[in-house]
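Structure first, commentary second.
Here, each number is a calculation from the coordinates, and none is a lab measurement. This is a predicted model, so every value here is computed, not measured.
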Amino acid sequence: MDDENTSRAMGYVCVDLVRTIHDLDLQARRVARRLGYDYAGLTKSSSLIVPEALLDHVATHRIELLIVPDLGHLRGRIPPELAELTDIHNLATGQTHERPGGYAPDEGATNPLAADAQT
């Protein structure tokens, strides 16, 4: 498959919020495979790393699906603009939040990273 046309998924975890990363990586791989994405790996950060760097990483690597352990824990730590660049899958609920446009609902997609979002 041509690298330009590959749909990529990536896992993301803030290591300050989890005990083990191995299980999250396995779960993210399964979700990516089930949804038909090429899994690009797990990206880790901590509260010591600037979370806005994730925006650049997702844009640079053309990540179409970001898989996170729990949106509730990441809300307020990750810039809400990220939800405009990529779909986000919440492992805690099994929900995939689609970015605006494409397959998003006609009534408009809600930003799952917004401070007032409920998931």
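Would you mind checking which residues have amide H under 5 Å from residue 43's amide H? H placed 1.01 Å from N; only 5 or more apart, or other chain.
Result for residue 43 returns 11, 12, 13.
Gain in length, residue 61 to residue 43, computed as 0.36 nm per residue apart minus the alpha-carbon separation, to one decimal in nm?
Numbers: separation 18, 0.36 × 18 = 6.48 nm, distance 1.19 nm.
Separation in residues times 0.36 nm, less the Cα-Cα distance, equals 5.3 nm.
Name the residues whose placed amide hydrogens come within less than 5 Å of the amide hydrogen of residue 97, ignoring near sequence neighbours (fewer than 5 apart) on the same chain.
HN-HN under 5 Å from residue 97: 88, 89, 90.
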